[in-house]
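Have a look at the structure below, then the notes.
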Amino acid sequence: MSDVRVRFPPSPTGFIHVGNIRSALFNWAFARHHGGTFVLRVEDTDLARNTDEGYDSILDSLRWMGLDWDEGPEVGGPYGPYRQSERFDVYADVASRLREAGEAYDCFCTTEEVDARRKASGSKVQGYDGHCRELSAEQRAAFEAEGRTPVLRLRMPDEPIDFDDLVRGTVTFQAKDVPDFALLRANGAPLYTLVNPVDDAMMKITHVLRGEDLLSSTPRQIALYRALERIGVGQGVPEFGHLPIVMGEGNKRLSKRDAGSGLAEWVDAGYLPEGLINYLALLGWGIAEDRDVFTLEEMVEAFDIRRVNPNPARFDRKKLAAINAAHMRRLSVDEITSRALPFLQRAGVVGDPMSPGDAQLLEQAMPLVAERINTLGEAPDLLAFLFVDEADFTLDPVDAERLLDADGLRVVDAAYTALEAVETWSTDAIQEALQAALVNGLGLKPRVAFGPVRVAVTGKRVSPPLFESLELLGRARGLARLDAARTRA
Ligand code: GLU
Ligand code: ZN
């Protein structure tokens, strides 16, 4: 193992966002490429906002994507616990060591007082002014006598902070733009600004790869890693790479409110992990100019954080659909069958467990649809007509209206007569009989001839191939559906 250690530190406050999963993927690929360690750390110090569902969805999502973690919840590791809610004593200890060393100080100001001072001085600098940096014992005692409880602030350096971002190159922040910031609330609760770098330091994180939205917190964190190193915690500043913003519709950042921004939507729609991973990789990275379909293994092999593009990436549903379809085409029919099964069961198309009859029919039917579906979620709709109880079979009202008009019904009638005469019920015999009766006999173009028959037999205008479908449906059911259609009022 190399000493590369990266982390994915989600907060379990809601459903998991695709931008978050993109960060997980890039960290994971970076760790695997370098033979390093991928740490999952759950940032659940905000007890009021965490949910069990949020926690489960993080673990489930990573598992679904196939991104395994080397250290973290459920697997443990040498720097645990990996849920921040179990580390409050660690943060309290580090905070008091920072205070004792003079790296951080108590601040008794209210927000109103800070604002009032800014107005009075005419300063344009936002944030805290360092007022409590050098309180005397008397000043302290006076504040305490008023019943004030302090927040703890980090003493920021007076020099600019710069770093070489692995994605964006040199980034510089001026000292005046990064004021002393709070590490602990007045009630002693540790803030994200403290716990995130403390854990990076204690967990020996070497590289922080995360979204560009967090770039503005990086100078504060760098100052804190340095202060921590001075008090003997960690080993200084990790390297940073800020991944490009993910844009949604209309030049705005993809937000949690946007359709498609949650991973669960894609999982439920029957997208493949392979497809989603490949697409998320393209949000900032590419394997080659002329190639956009690849596997996770290929990504790991080729991944180079320095080749991530800093420009905003657009979340493009059409592109995602196309990439997913390309991965569907790479799967065998058997693989598609087993992956589509839960979708078929949830839709009630086949039983759970499947009866032997359903299993056999599914095995015969899947080759007809595997090539045609772009997501697993499309399978139930295409296959339902084969599995449905005859009494429950219905025609799509819109398709029936359009295709089973007077002309359509004459076509269905002719199809019934032709198929009734077929002796061996096979795809070839069915095709021959329908071709002879409708195309040659009635002189219809194939599309006009077979459309009404398709609606009568499958219930829909879009279905698996007609002749094969009729064969699978069997003679009795096929003829009964044609008969029902031609005699419909
Ligand atoms: N818990 C933070 C978040 O989910 C972590 C940010 C980071 O990667 O440092 O936004
Ligand atoms: Zn103050």
Query raised in the report: Where does each of 242-249, 425-432 land if you order them by average Cβ count within 10 Å, highest first?
Result: 242-249, 425-432
**Report entry** Quotient of C-alpha Rg and 2.2 N^0.38 Å, computed over region 409-476
**Finding:** 0.98
Report task. Using only the alpha carbons, work out the radius of gyration and Dmax of region 60-193 in angstrom. Result -> 19.4, 59
Requested in this report: Provide the percentage of antiparallel DSSP beta bridges, counting only those with both residues in the chain; round to the nearest 5.
Outcome: 55 percent
Report summary line: Taking the dipole of the chain about the Cα centre (Lys, Arg +1; Asp, Glu -1; charges at Cβ), the one of 340, 250, 237 that reaches farthest to the positive side is 250
Query raised in the report: Can you flag which of 252/319; 319/460; 119/176 are past 20 Å Cα-Cα?
Result: 319/460
Report summary line: Using alpha carbon positions and the Kirkwood radius, the Rg to Rh ratio of region 323-403 is 1.00
Query raised in the report: Expressed in whole Å with the largest first, what are the equivalent ellipsoid semi-axes of region 194-241 derived from the C-alpha gyration tensor as the square root of 5 times each eigenvalue?
Result: 17, 11, 8
Query raised in the report: Over region 227-349, what per residue volume does the convex hull of the Cα atoms give, in whole Å³?
Result: 191 Å³
Query raised in the report: What does the convex hull of the Cα atoms come to per residue for region 259-301, in Å³?
Result: 82 Å³
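Within a 10 angstrom radius of the beta carbon, how do 18, 462 rank from fewest other beta carbons to most?
In order of increasing Cβ crowding within 10 Å: 462, 18.
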Requested in this report: Based on other C-beta atoms within 10 Å, arrange 117, 306, 481, 454 from fewest to most.
Outcome: 306, 117, 454, 481
Query raised in the report: Going by alpha carbons, how many degrees (0 to 90, nearest 10) lie between the helix axis of 111-121 and the longest principal axis of the chain?
Result: 70 degrees
Report task. Quote the charge dipole size of the chain about the Cα centre in Debye, to the nearest 20; the model charges only the Cβ of Lys and Arg (+1) and of Asp and Glu (-1). Result -> 1240 debye
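Convert 4 °C to kelvin, take the viscosity as 1.567 mPa s, use the Kirkwood radius over C-alpha pairs of the chain as Rh, and evaluate the Stokes-Einstein diffusion coefficient in µm²/s, rounded to a whole number.
48 µm²/s
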Report summary line: In order over region 217-231: 3J(HN,Hα) from phi, Karplus 6.51/-1.76/1.60, θ = phi - 60°, whole Hz, x for each Gly or Pro, gives 8, 5, x, 4, 5, 4, 4, 5, 4, 5, 5, 4, 4, 5, 9
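Taken together, the values in this text are just the output of simple stated rules run on the coordinates, not laboratory data. These figures come from a predicted structure and were not determined experimentally. Note that we place each Cβ from the backbone using ideal geometry, even for glycine, and neighbour counts take in every protein chain shown.
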